[in-house]
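See below for the structure under consideration.
The values are calculated or read from the model by the stated rules, or taken from the named source; none is laboratory data. Since the structure is predicted, the reported quantities are computational estimates derived from the model, not experimental observations. Here Cβ is always computed from backbone atoms with ideal geometry, including for glycine, and neighbour counts include all displayed protein chains.
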Amino acid sequence: MEATIEVAGLRKRFGEVPALDGMSFTVTPGRVTGFVGPNGAGKSTTMRVVLGLDAADAGTALVGGRPYRSLRTPLAHVGALLDGAAPQPGRTARHHLLWLAHSQGFAGRRVDEVLELAGLAAVARRRAGGFSLGMRQRLGIAAALLGDPPVLMLDEPFNGLDPDGIVWMRGLLRSLAAEGRAVLVSSHLMSELEDTAGHLVVAGRGRVVADTSVADLIEAASGGRVTLRTRARAEAMETLARAGATVAATGRDTLTAGGLAAERVVELLTRDGVPFAEVSAHRATLEEAYMDLTRDAVEFRGAAR
Amino acid sequence: MSGFRRLVRAEWTKFRTVRGWVLGLVAAVALTAGLGLQAAAGSHASCGMGAVEVACPAPPVGPGGEAVTDRFFFVHQRLDGDGAITARVASMTGRIRKPDERPGVTNLVPGVVPWAKAGVMVKDGTRQGAAYAAVMVTGGHGVRMQHGFTEDRAGTAASAPVWLRLVRSGDELTGFESPDGRTWAEVGTATLAGLPESVRIGLFVTSPGDLTFSQDVLGGTVAVQRFTEATAAFEQVGVRGAATGGAWSHDDVGVTVGPGGAPHHPGRHVRQGDTFTVTGTGDIAPAGDEGGMRAEQTLTGLLAGLVVVVVVAAGFAAAEYRGGLIRITLAAAPGRGRVLAAKAIVVGTVTFAAGLAAAAVTVPLGVRVLEANGNRVLPVSLLTGARVVVGSAALLALAAVLALALGALLRRGVLAVAVAVAVIVLPYFLATVSVLPLEAARWLLRLTPAAGFAVQQTVMEYPQVAGHYAPVLGYYPLPPWGGLAVLAAYAALALGLAVAALRRRDA
């Protein structure tokens, strides 16, 4: 099976409130795709629609090119960690995984393997009701990995993890992607995905506001803005504006120019003999880029597309 | 199908890995058996013979093995081989005891109850329960041909005076009636398998108690049965056949003898030539609930077991909704109807097994304990006993499936238990504790899921026996499997609604 998730034109309303408003994106194998956006952006709803748990009013959601409901052993195709889907408190971790394994016809041996993988071997015979949030997340990961699926879809997997757990989770996500799986990870905190996600789908108000690689997103958010310190502010502004830059004075002898690379700025100023003291390219952080995007949730497409 | 089998296995794993549910099933078995056996152990019976307590005599048992009532006045003689008896029942009169108007003075009024019987009979001796066939005229139901205590065939609606004839040919007996002694019409034929060569042939009269119903203060129906006796004048009595023509004997078959040795309500007869005036009281009929305790009365604890099973089954469904487990379940098995079907199969099977274990132990053991304590227990055939045991298990299983469906539909365990108890246990309770008028109780047991309890009925209703056929005495308005089918229909309906809701709703 192809390791992809394809979501196209999903629409869904909860009463009057639109939860999904044309959500479309594709998750490709071999990398971690971060699915970010503020709470209420439609991330969890999208994931539930992909898994056939919620019905969309319009649009399609395919896993490996097929609707989830048509899969005969779904856990061998897609491993999911869902928000608001806790194992029954009275059942042990091992038994929780055991019934899941039985539902797919997997051998009981696989249960012990994923318990080991998720670092839960020591507490396998303890009831899930006594688990910390972090342990419950690990149990959810174990369940997602049960069928060794080519596609993983994890809703807020960092929730409740301690720093060790976060490091473990990042490593796990990277290695799963490196094995050629499609990994979609949602988070409402961009920082959690820094260094992990190679690609981002940014959601806002039920739709995709950015679908881009992390590098392009930062590049775009930086917007090619250059900060310039010069004694001849007026001449510099005139030179740069003539070259097509968006110029703004930010102080008595500082200004910013948008739309031109730093090298081009230096070249222009040198050509016209305008003195300058300092030229620096402004580089946005991922967090800034994300804040920029989601502040007003305007439609945005990265250059990579 | 293999996918569905995996699903059933997964649900079974789910069920057995929650300790509370497994303990619940064990508790259901323990409650059913424990309460039933405890009640049986606490139930003692003995019969007084004056100051002396004696073991109660075993109830007479008919040729079919069922408990019977066999009390009548019999004027008879010996018949070897084929033969016949003819008589004209010239008149039928009687007396009925009514409530005393003056304390201490017995209030007897003239009258004949509808099922008072007077006629001619061939019987395998005078022992209670012995095989017989008889043609008779009744107080209000015309001419009848009866045999084997349970068999009844109607002739004409004639009342006395009427001619009756019973002809024996081998083990076949044929009854005739005639308005004038010349033109005869056949009423019916009975084959008494294994009837010996030598039998008794003669005249009999009997008269069952006068059954009246009234409303008690709580709203229940109270049935009162009062003593009656009937007297018939037989004329032109003629008997033919080998060994007949000898002296007439008479027996007050089944008469109870008081402490002083005097018979209680004795029958009697007077002979003047070939005219006999015979007076008798009693009945020749299946014993019904009056013959002793019913085997299913050992299953009183099943109601408690059923409540526990309902709690477990409703919880099995509602647990899916407490922490969002349903999402994990449906992600693993997207076919929603199949998920519920698998759950129903698991909960139905485990509760059936639990119910079977409980009933298979409780009924035979309970009956043995009751009998050891001197109680009469109505005998039941192996088939009926098996039906009660298997049916009770099915009752538990269907109640569990209904509760499961309610749990899935309402998504709240407590609510589902409340509704299940309200529709299964409450109507059963109301219908069987004498707080409702008889008809209201019977309608409850027709229309509600409590109809399923009919599967436990061991006593039978006979149109030819006036009885208080009330749920409180173990008589249900629907046949055993019919009643269970009503419960099954409710369970199926609830399951269908639950599947529809599960398909419609977002998880």
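Tell me, please, whether a residue that is farther than 21 Å from B:Val312 by Cβ, surrounded by fewer than 20 Cβ atoms within 10 Å (Cβ to Cβ), in contact with a Lys or Arg (Cβ under 7 Å, 6 or more places away or on another chain) and not charged (D, E, K, R) can be found in the range B:490-506. No, the range B:490-506 has no match at all. Looking at the range B:270-286, which of the residues that are crowded, with 24+ Cβ neighbours inside 10 Å and aliphatic (A, V, I, L, M) is nearest to the chain's Cα centre (by Cα)? Checking each candidate, the answer is B:Ala285.
When each of B:Gly81, B:Gly140 is tested for being surrounded by fewer than 19 Cβ atoms within 10 Å (Cβ to Cβ) and outside any strand (DSSP E or B), the lone residue that passes is B:Gly140.
It is to be established whether one or more residues within the range B:154-174 are under 24 Å from the mean Cα position of the chain (by Cα) and at pLDDT 95 or above. Yes - at least one qualifying residue is present in the range B:154-174. Would you check if there is a residue in the range A:85-102 being touching a residue at least 60 places away in the same chain (Cβ under 8 Å), under 23 Å from A:Leu172 (Cα atoms) and touching a Lys or Arg at 6+ places or on another chain (Cβ under 6 Å)? Checking the range A:85-102: not a single residue is touching a residue at least 60 places away in the same chain (Cβ under 8 Å), under 23 Å from A:Leu172 (Cα atoms) and touching a Lys or Arg at 6+ places or on another chain (Cβ under 6 Å).
Say whether the condition of being touching a strand residue (DSSP E or B) at 6+ places or on another chain (Cβ under 8 Å), in the same structural domain as B:Ala304 (by TED's automatic domain parsing), among the small types (Gly, Ala, Ser) and closer than 18 Å to B:Thr221 by Cα is met by at least one residue in the range B:426-439. Scanning the range B:426-439 turns up at least one residue that is touching a strand residue (DSSP E or B) at 6+ places or on another chain (Cβ under 8 Å), in the same structural domain as B:Ala304 (by TED's automatic domain parsing), among the small types (Gly, Ala, Ser) and closer than 18 Å to B:Thr221 by Cα. When each of A:Leu71, A:Leu117, A:Leu82, A:Leu62 is tested for being buried (at least 21 other Cβ atoms within 10 Å of the Cβ) and among the aliphatic types (A, V, I, L, M), the lone residue that passes is A:Leu82. Candidates are the residues of the range B:419-466 that are among the hydroxyl-bearing types (Ser, Thr, Tyr) and out of contact with any Lys or Arg (no Cβ under 7 Å at 6 or more places or on another chain); the one that is surrounded by the fewest Cβ atoms within 10 Å (Cβ to Cβ) is B:Tyr462.
Residue-level analysis places B:Arg168 among those that are surrounded by 14 or more Cβ atoms within 10 Å (Cβ to Cβ) and of a type outside the set (S, T, N, Q). Counting only helices (runs of 4 or more DSSP H) that fall entirely inside the range A:1-120 and contain at least 2 residues that are among the hydrophobic types (A, V, I, L, M, F, W, C) and more than 27 Å from A:Thr294 (Cβ to Cβ), the qualifying elements are A:93-104, A:108-117.
Taking the criterion of being surrounded by fewer than 20 Cβ atoms within 10 Å (Cβ to Cβ) and either assigned to a helix (DSSP H, G or I) or at the interface with chain A (Cβ under 9 Å from one of its Cβ atoms) (or both), the residues of the range B:25-55 that qualify are B:Val26, B:Ala27, B:Ala30, B:Gly34, B:Leu35, B:Leu37, B:Gln38, B:Ala39, B:Ala41. Restricting to the range A:205-249, give me the number of residues that are basic (Lys, Arg), surrounded by 16 or more Cβ atoms within 10 Å (Cβ to Cβ) and free of Cβ contacts under 8 Å to residues at least 24 places away in the same chain. So the answer is 1. Return yes or no: is B:Leu478 at pLDDT 95 or above and farther than 30 Å from B:Val361 by Cβ? Taking the combined requirement at face value, the residue does not satisfy it.
Pairs linking a residue in the range B:175-203 that is of a type in the set (Ser, Thr, Tyr) to a residue that is at pLDDT 95 or above and in a loop (DSSP other than H, G, I, E, B), with Cβ atoms under 6 Å and 6 or more positions apart or on different chains, are B:Ser178/B:Trp184. For B:Val112, the criteria (1) assigned by TED's automatic domain parsing to the domain that holds B:Glu235; (2) at pLDDT below 95; (3) assigned to a loop (DSSP other than H, G, I, E, B) hold in every case but one, which is (2). In the range B:334-355, of all residues being within 14 Å of chain A (Cβ to nearest Cβ), part of a helix (DSSP H, G or I) and not aliphatic (A, V, I, L, M), the one that is nearest to A:Gly79 (Cα to Cα) corresponds to B:Arg336.
Would you say B:Gly391 is assigned to a helix (DSSP H, G or I) and small (Gly, Ala, Ser)? Taking the combined requirement at face value, the residue satisfies it.
Restricting B:Ala331, B:Ala317 to those that are within 14 Å of another protein chain (Cβ to nearest Cβ), crowded, with 24+ Cβ neighbours inside 10 Å, modelled with pLDDT of 95 or more and under 28 Å from B:Phe429 (Cα atoms) reduces the list to B:Ala317. Taking the criterion of being modelled with pLDDT of 90 or more, crowded, with 23+ Cβ neighbours inside 10 Å, aliphatic (A, V, I, L, M) and under 25 Å from A:Met291 (Cβ atoms), the residues of the range A:147-193 that qualify are A:Leu154, A:Leu173, A:Val183, A:Leu184, A:Val185. Taking the range B:472-505 as the range and being under 10 Å from the mean Cα position of the chain (by Cα) and in a helix (DSSP H, G or I) as the test, only B:Leu473 passes. Of all the residues in the range A:44-59, those that are of a type in the set (D, E, K, R) and surrounded by fewer than 24 Cβ atoms within 10 Å (Cβ to Cβ) number 2.
No other residue among B:Gly245, B:Gly254, B:Gly219, B:Gly238 is buried (at least 16 other Cβ atoms within 10 Å of the Cβ) and in the same structural domain as B:Tyr132 (by TED's automatic domain parsing) apart from B:Gly254.
Each residue in the range A:84-129 was checked for being small (Gly, Ala, Ser), at the interface with another protein chain (Cβ under 7 Å from one of its Cβ atoms) and within 31 Å of the chain's Cα centre (by Cα), and 4 pass. Considering only residues that are of a type in the set (A, V, I, L, M, F, W, C), touching a Ser or Thr at 6+ places or on another chain (Cβ under 9 Å) and over 20 Å from B:Leu325 (Cβ atoms), which ones fall in the range A:57-76? Passing the criteria: A:Ala61, A:Leu62, A:Val63. Only one entry of B:Thr126, B:Thr93 meets the criterion of being in the same structural domain as B:Val187 (by TED's automatic domain parsing), in contact (Cβ under 8 Å) with a residue 12 or more places away in the chain, more than 16 Å from B:His265 (Cα to Cα) and within 29 Å of the chain's Cα centre (by Cα), and that entry is B:Thr126. Scanning the range A:143-180 for residues that are small (Gly, Ala, Ser) and over 22 Å from A:Val49 (Cα atoms) turns up A:Gly160, A:Gly165, A:Gly171, A:Ser175, A:Ala177, A:Ala178, A:Gly180. In the range B:14-21, is there at least one residue being within 14 Å of another protein chain (Cβ to nearest Cβ) and not in a helix (DSSP H, G or I)? Among the residues of the range B:14-21, at least one is within 14 Å of another protein chain (Cβ to nearest Cβ) and not in a helix (DSSP H, G or I), which makes the answer yes. Inspection of the range B:358-369 identifies no residue that is in contact with a Phe, Trp or Tyr (Cβ under 9 Å, 6 or more places away or on another chain) and either within 14 Å of chain A (Cβ to nearest Cβ) or within 30 Å of B:Ala67 (Cβ to Cβ) (or both).
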